[in-house]
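Okay, structure first, notes after.
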Amino acid sequence: MILEKIEGSQSPSPSSSDLIGLRRKSKEGGGPLKIESQHRKGKMTARERIDLLIDPGTFTEIDEFILHRSTKFGMEHQKYYGDGVVTGFGFINGRKVFLYSQDFTVMGGSLGNAHAKKICKIMDLAIKNGCPIIALLDSGGARIQEGVDSLAGFGEIFHRNVQASGVIPQISVILGSCAGGAVYSPALTDFVIMGGDHAYMFVTGPQVVESVTGEQVSFNDLGGKDIHANISGVAHLVANSEEQTLDLVKKLLSYIPSNNLMDAPRGNTELEPDQTINLDTIIPENENEPYDMKFVIKGIIDKGSFFEIFPSFAKNIITGFGRLQGNTIGIIANQPMVLGGAIDFHASDKSARFIRFCDSFNIPILTLVDVPGFMPGTKQEYAGIIRHGAKMIFAYSEATVPKITIITRKAYGGAYIVMASKHLGADINLAWNSAQIAVMGAEGACKILYRKKIQKSDDPEKELERYIAQYKREFSNPFQVAELGYVDKVIFPSESRSIILNSLQFLINKRENVPKRKHGNFPV
Ligand code: HXC
């Protein structure tokens with residue numbers, strides 16, 4: 001409680017000891033007991049987190065003496081310098097960032113009007129100066145005592161999240177509670193990273209859930225990091241400890257530019273791909289046998305540079321960053337190891353969001369295709385695979401960054417078109433000599449085309465096999481598509497990296513005119 005100190009500081013000639021004392025008071029947050037309680041839970045304080053994230057000695061805090069003006073519910077006696085959030089700017093591995101870190105020791109990090117104004121000020125500075133904004137969140141949500149004033153604060157933050165979208169990267173780091181409407185600020189940002197043992201996100205907490213629906217559920221099962229990493233797809237990345245979580249922020253920043261007008265930082269330019277991977281032998285003889293597309297990625301990009309985003313959500317599609325001679329690329333790839341690489345509604349959402357991030361921040365897109373089609377069934381149709389799949393088409397079609405696509409094996413049906421085909425505006429479309437591009441797989445197609453002939457045959461099984469062999473001769477190769485110009489080049493797998501590198505040199509200054517409009521109507 002700091003009210004006394006404020007009154008004490010109203011001396012006619014403030015001395016340097018006043019400033020020192022007030023700074024100390026501000027740094028104490030909710031006081032030693034609250035800090036101890038935070039530590040007992042295994043959580044770091046807002047300032048300890050900043051110390052771990054920001055390069056030593058580079059953090060400049062602002063608004064450390066801000067106070068709220070609320071007088072209801074005895075709030076005039078509960079004032080803490082800084083009002084429960086630390087804001088400022090500093091460097092992360094030499095990169096400029098603006099950040100805010102909520103202080104749970106002050107009224108549970110709850111967001112009142114002054115707290116929100118501080119956040120808005122730092123967001124405005126980040127936007128004006130073209131630097132990433134990082135939010136370290138640990139809060140009980142809207143400060144109940146401040147009523148609609150705190151709700152207004154959330155609204156102001158949401159509005160800025162939207163204004164900043166596509167201009168500067170926004171990274172939300174959930175290290176404590178994030179409840180109620182407060183979850184929508186992270187949801188509006190580019191990346192949500194959750195970590196530690198106390199990271200929760202939910203619109204309504206377990207008590208409210210039980211009183212409304214009768215369902216009993218724990219904090220973890222309702223909105224813990226595993227739920228959001230594996231099931232809901234809210235969290236892009238998760239880590240076990242707070243330290244590891246903050247390391248993920250640093251790693252992510254190393255791949256992305258500071259704003260939409262700058263290039264991403266360049267990594268080590270000397271690295272070759274993993275030499276233990278032979279791309280020429282990676283596709284199994286049996287066309288239905290899966291293989292791990294992550295090996296294909298690692299066989300193309302600089303060794304050790306793959307950074308997967310959403311690694312445990314919708315694993316049938318892979319999204320992540322990699323580097324080619326040190327330059328960042330975004331990778332979207334079907335994963336034949338999971339659901340045969342078929343596209344479902346989650347995979348559509350996951351990839352559309354990632355494509356849009358890459359396009360917003362000028363990161364070239366590499367698409368690797370081995371897709372048997374869209375996932376069939378009532379579960380998919382009822383969940384709206386039609387509108388979710390449309391997001392991928394929209395995202396690929398509107399993206400004006402360099403787009404290179406390689407078909408490694410299957411590219412069937414609508415999924416062939418969706419996966420960055422020439423028809424959606426990809427710049428360079430390559431096909432490995434193992435590629436098969438068709439409306440559907442051989443067996444399914446022959447059973448439809450020749451059903452009557454097969455039924456009438458003396459040996460239907462043999463007849464089916466004969467038709468399948470004929471279909472494969474026609475479609476199980478990339479040459480018929482190369483004849484049509486829908487792939488630009490048929491290549492041996494081991495040629496992939498050099499052709500991508502050569503192509504990117506020529507695509508990097510690509511200009512594409514888009515029709516004038518306010519904005520497209522993205523099929524959400
Ligand atoms: C004011 C709050 C608060 C809040 C916590 N505190 N949440 N004060 N407004 N929203 C205070 C507590 O009173 C307590 O004060 C201190 O913070 C620590 O809280 P504890 O409950 O003791 O901590 P813990 O046991 O760790 O539980 C943390 C918690 C819980 C899970 C976050 O506090 C909680 O459930 N809070 C409410 C969460 C919630 O429903 N928020 C949604 C609000 S509505 P003392 O003085 O005792 O230390 C909302 C809508 C936003 O956010 C809409 C935007 C459009």
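The values are calculated or read from the model by the stated rules, or taken from the named source; none is laboratory data. As the structure is a computational prediction, the values presented were derived from the model and not from experiment. Because the Cβ atoms are built from the backbone with ideal geometry, glycine has one as well, and the counts that use them run over all protein chains shown.
Please specify each residue of segment 88-146 satisfying the condition of being among the basic types (K, R) and under 22 Å from the mean Cα position of the chain (by Cα). Write out each step before concluding.
We begin by selecting, within segment 88-146, every residue among the basic types (K, R); these are 95-96, 117-118, 121, 128, 143.
Result: R95, K96.
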Any residue that is in contact with a Pro (Cβ under 7 Å, 6 or more places away or on another chain), of a type in the set (A, V, I, L, M, F, W, C) and either modelled with pLDDT under 95 or surrounded by fewer than 23 Cβ atoms within 10 Å (Cβ to Cβ) (or both) - is there at least one of those in segment 338-356? yes
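Could you list, in sequence order, all residues of segment 386-443 that are of a type in the set (A, V, I, L, M, F, W, C) and at positive phi?
Narrowing segment 386-443 to residues of a type in the set (A, V, I, L, M, F, W, C): 386, 390, 392-395, 399, 401, 404, 406-407, 411, 415, 417-420, 424, 426, 428, 430-432, 435, 437-440, 442.
Once the filter is applied, which keeps residues that are of a type in the set (A, V, I, L, M, F, W, C) and at positive phi, segment 386-443 yields only A420.
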(1) touching a residue at least 24 places away in the same chain (Cβ under 8 Å); (2) more than 7 Å from the ligand (Cβ to nearest atom): which one isn't true of Q145, the others all being true? (2)
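Is it fair to say I428 is farther than 30 Å from N362 by Cβ and of a type in the set (A, V, I, L, M)? Break it down into steps so the answer makes sense when it comes.
Details: farther than 30 Å from N362 by Cβ: no; of a type in the set (A, V, I, L, M): yes.
Answer is no for this residue.
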Subset of segment 32-62 [among the polar types (S, T, N, Q), within 13 Å of the ligand (Cβ to nearest atom) and under 19 Å from V173 (Cα atoms)]: Q38
Segment 123-142, subset away from the ligand (no atom under 11 Å from the Cβ) and among the small types (G, A, S), residue farthest from A264 (Cα to Cα): A135
Output for segment 14-31, where each listed residue is in contact with a Lys or Arg (Cβ under 8 Å, 6 or more places away or on another chain) and either part of a helix (DSSP H, G or I) or more than 16 Å from the ligand (Cβ to nearest atom) (or both): G21, L22, K25, K27
Based on what the data block shows, is K391 without any contact (Cβ under 8 Å) to a residue 24 or more places away in the chain, in a helix (DSSP H, G or I), basic (K, R) and farther than 30 Å from I282 by Cα? no
Go over the candidates F374, F394, F361 one by one and state the one that is in contact with an Asp or Glu (Cβ under 8 Å, 6 or more places away or on another chain) and of a type outside the set (D, E). F374
For segment 265-280, does any single residue satisfy the condition of being closer than 28 Å to D51 by Cβ and surrounded by 14 or more Cβ atoms within 10 Å (Cβ to Cβ)? yes
Taking L424 and the conditions (1) in contact with a Lys or Arg (Cβ under 9 Å, 6 or more places away or on another chain); (2) in contact (Cβ under 8 Å) with a residue 40 or more places away in the chain, which numbered condition does it fall short on, given that it satisfies the others? (2)
Residues of segment 434-461 being loosely packed, with under 15 Cβ neighbours inside 10 Å, over 13 Å from K410 (Cβ atoms) and among the hydrophobic types (A, V, I, L, M, F, W, C), in sequence order, are I448, L449
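How many of the residues in segment 150-197 are part of a loop (DSSP other than H, G, I, E, B), of a type in the set (D, E) and either without any contact (Cβ under 8 Å) to a residue 40 or more places away in the chain or within 16 Å of the ligand (Cβ to nearest atom) (or both)? Don't jump to the end; show me each part of the working.
Taking segment 150-197 as the starting set, the residues that turn out to be part of a loop (DSSP other than H, G, I, E, B) are 165-169, 175-176, 189-190, 196-197.
With the extra rule that they be of a type in the set (D, E), the set shrinks to 190, 197.
If we keep only those that are either without any contact (Cβ under 8 Å) to a residue 40 or more places away in the chain or within 16 Å of the ligand (Cβ to nearest atom) (or both) as well, we get 197.
Summing the residues that are part of a loop (DSSP other than H, G, I, E, B), of a type in the set (D, E) and either without any contact (Cβ under 8 Å) to a residue 40 or more places away in the chain or within 16 Å of the ligand (Cβ to nearest atom) (or both) in segment 150-197 gives 1.
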Count of residues meeting criterion [loosely packed, with under 15 Cβ neighbours inside 10 Å, out of contact with any helix residue (DSSP H, G or I) (no Cβ under 9 Å at 6 or more places or on another chain) and assigned to a loop (DSSP other than H, G, I, E, B)] in segment 32-62: 5
If you check every pair at least six apart or on different chains, which have Cβ atoms under 7 Å apart with a residue in segment 499-524 that is at pLDDT below 95 first and a residue that is surrounded by 10 or more Cβ atoms within 10 Å (Cβ to Cβ) and hydroxyl-bearing (S, T, Y) second? E512/T400; V514/T400
Any idea which of (1) away from the ligand (no atom under 16 Å from the Cβ); (2) touching a Pro at 6+ places or on another chain (Cβ under 7 Å); (3) over 28 Å from F91 (Cβ atoms) is the one E215 doesn't satisfy? (2)
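Name the residues in segment 199-210 that are within 12 Å of the ligand (Cβ to nearest atom) and more than 21 Å from the chain's Cα centre (by Cα), would you? Give the steps one after another, and end with the answer.
Keep residues of segment 199-210 that are within 12 Å of the ligand (Cβ to nearest atom), which gives 199-209.
T204, G205, P206, Q207, V208, V209, listed by residue number.
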Within segment 102-122, can you find the residues that are away from the ligand (no atom under 16 Å from the Cβ) and surrounded by 20 or more Cβ atoms within 10 Å (Cβ to Cβ)? K118, I122
Looking only at segment 123-154, count every residue that is of a type in the set (S, T, N, Q), over 25 Å from E242 (Cα atoms) and crowded, with 21+ Cβ neighbours inside 10 Å and tell me the total. 1
Segment 248-280 - residue that is within 16 Å of the chain's Cα centre (by Cα) and of a type in the set (D, E, K, R) and, of those, farthest from I363 (Cα to Cα): K250
Return the residues of segment 198-228 that are of a type in the set (S, T, Y) and either in contact with a strand residue (DSSP E or B) (Cβ under 7 Å, 6 or more places away or on another chain) or in a strand (DSSP E or B) (or both); say none if nothing qualifies. Y200
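Within segment 73-87, can you find the residues that are surrounded by fewer than 21 Cβ atoms within 10 Å (Cβ to Cβ) and more than 12 Å from the ligand (Cβ to nearest atom)? If you could, list the steps in order and put the result at the bottom.
Taking segment 73-87 as the starting set, the residues that turn out to be surrounded by fewer than 21 Cβ atoms within 10 Å (Cβ to Cβ) are 73-79.
If the condition is that a residue be surrounded by fewer than 21 Cβ atoms within 10 Å (Cβ to Cβ) and more than 12 Å from the ligand (Cβ to nearest atom), then E76, K79 are the ones that fit.
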